[in-house]
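Single-structure report; data block below.
What follows draws every value from the coordinates through simple rules; no lab data is involved. Since we're looking at a predicted model, the values are computed, not measured. Don't worry about glycine lacking a Cβ; one is built from the backbone with ideal geometry, like all the others, and counts go over all protein chains shown.
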Amino acid sequence: QQPVQSPQAVILREGEDAVINCSSSKALYSVHWYRQKHGEAPVFLMILLKGGEQKGHEKISASFNEKKQQSSLYLTASQLSYSGTYFCGTEKKKNRDDKIIFGKGTRLHILP
Amino acid sequence: NAGVTQTPKFQVLKTGQSMTLQCAQDMNHEYMSWYRQDPGMGLRLIHYSVGAGITDQGEVPNGYNVSRSTTEDFPLRLLSAAPSQTSVYFCASSYSFENTEAFFGQGTRLTVV
């Protein structure tokens, strides 16, 4: 079951803020965020774990509401380099045979 | 370090042909996986492996086989290519299954005609 991301796409001017949401119908153990620029591979941004631990990016923040099975990625004072497609990936349990399932992505375009 | 290396970068196949997409990593990562990316569909998991000799199915495994005989390599085999398998394929690896960063290869763009 793919997590659901919203919005599907957003256009901002440089310096504006953006919030990208990710929700799941199942209980989650962790949420991963990646960014992909056109024609390139996805690149890791951060991981949020059940219990509040967060690992990742110094300039981008995120939250993880375990009870609602939701995560939000916050891009503040956006820069042109933030343009790309953002994917959230979710894991339901902490064990060896779990896997990361990604959402369909949110396209972000930053205008100068 | 080369990271995650996928070959080939581009491939055109005829319907019914078989081929193997190669994926190798030099980071001694336990966990490797294959995703396909189609417009509007995001990254969908095909198969994954939590270590040498261990593989499992993802969301869309039909028409694909994998094996993991070494830690470094995780090839993806298309048994009989179909136009529906036209896609961009990404291989990824991470140090362990437990909440670590995944590194992606540069992708293989496959067209089945």
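A few points about this structure:
- Antiparallel beta bridges, as assigned by DSSP with both residues in chain B, represent about 90 percent of the total such bridges.
- Using distinct alpha-carbon pairs, which all enter the 1/r mean, Kirkwood radius of segment A:7-112 in Å: 14.0
- Nearest-0.05 FRET efficiency for residue B:57 and residue B:28, computed from C-beta distance (R0 30 Å): 0.75
- 3J(HN,Hα) couplings calculated from phi for segment A:29-40 with the Karplus curve 6.51 cos²θ - 1.76 cosθ + 1.60 (θ = phi - 60°) are, in sequence order, 9, 8, 10, 10, 10, 10, 10, 10, 8, 4, x, 10 Hz; Gly and Pro show x.
- When DSSP beta bridges are restricted to pairs lying wholly in chain A, around 90% turn out antiparallel.
- Unit charges on C-beta of K, R, D, E only; dipole of chain A, Debye: 420
- The C-alpha atoms of segment B:2-60 occupy a region whose extents along the principal axes are 34, 24, 22 Å, arranged from largest to smallest.
- The base-10 log of I(q)/I(0) for the protein assembly as shown, evaluated at q = 0.14, 0.16 Å⁻¹, reads -0.86, -1.10 [Debye formula, identical scatterers on Cα atoms, solvent excluded].
- For the listed peptides B:64-72, B:40-48, a ranking on the average number of other beta carbons within 10 Å per residue, highest first, reads B:40-48, B:64-72.
- Residue-wise HN-Hα coupling along segment A:14-19, computed from phi with Karplus coefficients 6.51, -1.76, 1.60 (Hz; x: Gly, Pro): 3, x, 7, 9, 9, 10
- Set A:68/A:93; A:67/A:99; A:59/A:93; A:26/A:92; A:59/A:92 screened for pairs whose C-alpha atoms are more than 19 Å apart: A:67/A:99; A:59/A:93; A:59/A:92
- Quick note on chain B: its Rg to Rh ratio, both from C-alpha atoms and Rh being the Kirkwood radius, is 0.95.
- Taking a straight line from the alpha carbon of residue B:9, these lysines sit under 22 Å away, with near neighbours fewer than eight places off in the same chain left out: A:37.
- Segment residue A:66-residue A:14, length gained on full extension (0.36 nm per residue, minus Cα span): 15.6 nm
- The ranking of B:74, A:102 by Cβ neighbour count inside 10 Å, starting from the fewest, reads A:102, B:74.
- Computed label-point distance, nm, for sites residue B:7 and residue A:74 using a 7 Å Cα→Cβ extension: 4.6
- Each of A:38, B:29, A:109, A:32 was scored by other Cβ atoms within 10 Å of its Cβ. Listed from fewest to most, they are A:38, A:109, B:29, A:32.
- With each label modelled as a point 7 angstrom along the Cα→C-beta vector, the residue B:19-residue B:96 pair spans 3.8 nm.
- 3J(HN,Hα) from dihedral phi, segment B:32-45, Karplus parametrisation 6.51/-1.76/1.60, rounded to Hz, x for glycine, proline: 9, 8, 10, 10, 10, 10, 10, x, x, 10, x, 9, 10, 6
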